[in-house]
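The values are calculated or read from the model by the stated rules, or taken from the named source; none is laboratory data. Not measured: the values here are computed from a predicted model. Please note: Cβ atoms are built from the backbone with ideal geometry, for glycine as well, and neighbour counts cover all protein chains shown. Note: areas computed on protein heavy atoms with side chains; ligands, DNA, RNA excluded. Shrake-Rupley method; radii C 1.70, N 1.55, O 1.52, S 1.80 Å.
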Amino acid sequence: MKKMLIAGNWKMNMTPSESINLVQSIIDGTKDKKISCDILVCPPFTSIDSVSRTVKGTNILYGAQNCHFESKGAYTGEISIPMLKELGCKYIIIGHSERRTYFFENDELINKKVKAVLGAGINLILCIGETLREREENRTFEVLKRQIEIGLNRVQPEQCIQIVIAYEPVWAIGTGISAEPEQIQEVHSFIKTELVRVLGKRASSIIVLYGGSVTDENAKSILELEDVHGGLIGGASLKTDIFLSIVDTAISILEK
Ligand code: PGA
């Protein structure tokens, strides 16, 4: 049976009190429904504690958007994995393109974070994706191959159950221009093949999300694709109605 994860990446939005309101509205909107997909919210660090208290006793999962690879030490301004683990984070997003672009995270650094998160027994969402220029230069597959090979270097096959991949073409993030379904299916199928090549057959259970301008309007055409197992939703995850409508779409696809 198809598994589906609908994850909200709130980015640098929502104060703690705003976060409580947003997650409460998601709880209210899902509580009378049979939710067959997983729902995850990733608020900013400062809201994780309030969100954890608000979702207590519900099925809503929460996680973080980044972490440092060292467990403690002199890294002013950074947040460690044990800190997030103690707050009950179930997932950590690693290698988001905004971290790669604005904070110069390269594949080697991302790999350190990946190994640290997996070693701590937490799940991760590893984000990969090409820029517009790389796509125009026909380098999409080469870039994704490198991001997978280096990002998952020295990961053990038994850790596959902790890994989720998010394919997020950089040109589609926050632009309102989502990739076309054919492009998404082609890339997801490639990613699945690469994962098995790099990590062995256990990697066939790794789910691959799509991210980049997912809305209630395009969710159906994306989520129903064979190799798409959910979405990493940015802007639309801040609007309860739209986020819940995407969740509903996922549920109706799973019920088919
Ligand atoms: P977007 O962001 O949905 O606003 O395009 C997706 C993401 O960056 O994860």
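The table for this structure:
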read-out	value
Lone unmet requirement of (1) of a type in the set (Val, Ile, Thr); (2) open to solvent by less than 50 Å² (accessible area, probe 1.4 Å); (3) under 28 Å from GLY88 (Cβ atoms) for VAL187	(3)
Helices (runs of 4 or more DSSP H) lying entirely in region 36-132 (those with 1 or more residues that are touching a residue at least 60 places away in the same chain (Cβ under 8 Å))	97-102
Options LYS90, LYS56: the member that is in contact with a strand residue (DSSP E or B) (Cβ under 6 Å, 6 or more places away or on another chain), open to solvent by 50 Å² or more (accessible area, probe 1.4 Å) and farther than 24 Å from SER178 by Cα	LYS90
Some residue of region 13-25 being within 16 Å of the ligand (Cβ to nearest atom) and farther than 16 Å from LEU232 by Cβ	yes
Lone qualifier among ALA166, ALA179 - being within 15 Å of the ligand (Cβ to nearest atom) and either of a type in the set (Val, Ile, Thr) or more than 29 Å from GLN156 (Cα to Cα) (or both)	ALA179
Pair list, Cβ under 6 Å, 6 or more apart: region 142-170 residue more than 9 Å from LEU126 (Cα to Cα) and free of Cβ contacts under 8 Å to residues at least 40 places away in the same chain, other residue of a type outside the set (Lys, Arg) and assigned to a helix (DSSP H, G or I)	VAL143/GLU134
The one condition in (1) within 19 Å of LYS2 (Cβ to Cβ); (2) within 16 Å of the ligand (Cβ to nearest atom) that ILE173 fails to fulfil	(1)
Answer residue from region 139-163, given it is closer than 21 Å to CYS42 by Cα and open to solvent by 10 Å² or more (accessible area, probe 1.4 Å) and is farthest from the ligand (Cβ to nearest atom) among those	ILE161
Per-region count, region 210-246, residues within 9 Å of the ligand (Cβ to nearest atom) and under 16 Å from GLY129 (Cα atoms)	8
LYS192 being basic (Lys, Arg), closer than 23 Å to GLU134 by Cβ and part of a helix (DSSP H, G or I)	yes
Residue ID - farthest from the chain's Cα centre (by Cα), chosen from residues in region 110-129 that are within 20 Å of ILE173 (Cβ to Cβ) and of a type in the set (A, V, I, L, M)	ILE110
Scan of region 1-35 for residues that are in a loop (DSSP other than H, G, I, E, B), open to solvent by 20 Å² or more (accessible area, probe 1.4 Å) and of a type in the set (A, V, I, L, M, F, W, C), ordered by number	MET1, MET12, MET14, ILE35
